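Here is the structure we will look at.
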Amino acid sequence: MNRRPTGPGTSDSSEAPRSPATWDLETFRKNLEEHIEMLREDEETTVPPERLMLQLEHDSEFLEIVRNWERLEEARRTDAWKRALAIADKHAREVVPVCLRCGECCRQGSPTLHLEDLELLKAGKIPWDALVTLRRGEPVHSPFQERLFFLLDERIKIREKPGSHTCLFLEDGGSDCTIYDDRPLQCRAQACWDPTQARELAEQPYLRRADLFADVELLYELIAEHDRRCAFDRLRDAFERLDQTKGESAGEVLELIAYEEHFRGFLQKKLNIPQETMPLVFGRSFAELTALFGFRVETRPDGTRVLIAESA
Ligand code: SF4
């Protein structure tokens, strides 16, 4: 490694080395966790700490050290500790090609659904109110490249936890998928050590609202009408003008947001659509989407609305 982390029991520690000879298993684990935290800073580390811990728990040599630690003669513990550090260093650089259910993929974004996932929806394995539609033109993150791109066609995704990219179905504070046996196609194909299968999945047909609602009388026509009148491009153009006019055209953005809100509310009432399924049926509201442009809408005590830059 280019920048060798220093740690307890290592000879290059800036502190006086504490001898592993006297450690009980709890101290061994605590110092190992500290070492793993330090590995996070190393430029050759590619495996996040949570996954690294899981890899260690599946490494037979490491498990043997842990199993025997309390029984080891004190004189042999330093060697065993150095071996444990070397194993941790190795795992920090290499993702083991097997899914350890570390939840790392699930924290980087929720899955996009494919037509094949329709069966899971029909069987009630994935509730409809856990979904959101990203409409044509909306910006999304490419899972394969560090850049945004604009959708040429809509996508239906599982929703993410508020203020994060974490999938709604990842257990709170843990790494378990709460629908693991019924997880969507993308999750089954996802492999953090090899993106090939996930890339190939892009060739499979995606699920669209037409697959869900084309047979529902009136609904699909009104979805199309909402898309026509309130296309995402209109919002993007209004924000572009806001930038060009240095904020002078804020009224235009607010009018557009109000118009979309009114239209969506009218359709919801007319069709009696539960609030929880609105993000699937009509996508995210213009008011919600302002966050993509770095703004939020605030309502003043007198009822007027203003656009606030998020950094303000
Ligand atoms: S559905 Fe399950 S496996 Fe898929 S991203 Fe969400 S938590 Fe992870």
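The values are calculated or read from the model by the stated rules, or taken from the named source; none is laboratory data. Model, not experiment: these values are computed from the prediction. Cβ placement follows ideal geometry from the backbone for every residue including glycine, while neighbour counts extend to all protein chains displayed. Ligands, DNA and RNA are stripped out before the accessible areas are found, and what is left, the full protein with its side chains, is counted by its heavy atoms. Shrake-Rupley method; radii C 1.70, N 1.55, O 1.52, S 1.80 Å.
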(request) Output ³J(HN,Hα) for the stretch 285-301: one whole-Hz value per residue in order, computed from phi by the Karplus curve 6.51 cos²θ - 1.76 cosθ + 1.60 with θ = phi - 60°, and x for Gly and Pro. (result) 6, 4, 4, 5, 6, 4, 4, 5, 9, x, 10, 9, 9, 10, 9, 7, x
(message) If you average the C-alpha positions of the stretch 160-197 and of the stretch 236-312 separately, how far apart do those two centres end up, in angstrom?
(response) 30
(request) State the number of lysine pairs found in the chain whose Cα atoms come within less than 17 Å, restricting to pairs 8 or more positions apart or on distinct chains. (result) 4
(request) Could you calculate the FRET efficiency of PHE150 with LYS82 from 1/(1 + (r/R0)^6), where r is the beta carbon distance between them and R0 is 35 Å, rounded to 0.05? (result) 0.10
(request) Quickly work out the GLU276-to-GLU43 label distance, labels modelled 7 Å from Cα along the C-beta direction, and quote it in nm with one decimal. (result) 5.0
(request) Kindly give Rg over Rh for the chain, based on alpha-carbon atoms, with the Kirkwood expression for the hydrodynamic radius. (result) 1.10
(request) Return the FRET efficiency for the residue pair GLU119, GLN268: r is the Cβ-Cβ distance, R0 is 30 Å, and the value is rounded to the nearest 0.05. (result) 0.60
(request) Please give the per residue volume of the convex hull enclosing the alpha carbon atoms of the stretch 20-93, rounded to a whole number of Å³. (result) 74
(request) Assuming a ≥ b ≥ c are the square roots of the Cα gyration tensor eigenvalues, decide whether the stretch 215-312 counts as rounded (a/c under 1.5), prolate (otherwise, with a/b larger than b/c) or oblate. (result) prolate
(request) Please list the equivalent ellipsoid semi-axes of the stretch 107-207, computed as the square roots of five times the alpha-carbon gyration tensor eigenvalues, in descending order and whole angstrom. (result) 19, 16, 15
(request) Compute the accessible area per residue over the chain, keeping the other protein chains in place, probe 1.4 Å, unit Å². (result) 57
(request) Could you size up the charge dipole of the chain around its Cα centre, putting +1 on the beta carbon of Lys and Arg and -1 on that of Asp and Glu, and report it in debye to the nearest 20? (result) 340
(request) Report the extension gain between GLU203 and THR299 in nm, rounded to one decimal, defined as 0.36 nm multiplied by the number of residues separating them, less their alpha carbon distance. (result) 30.1 nm
(message) Just to verify a number: FRET efficiency for GLU64 and TYR180, C-beta to C-beta distance, R0 = 41 Å, to 0.05?
(response) 0.90
(request) Quote the charge dipole size of the stretch 26-164 about the Cα centre in Debye, to the nearest 20; the model charges only the Cβ of Lys and Arg (+1) and of Asp and Glu (-1). (result) 480
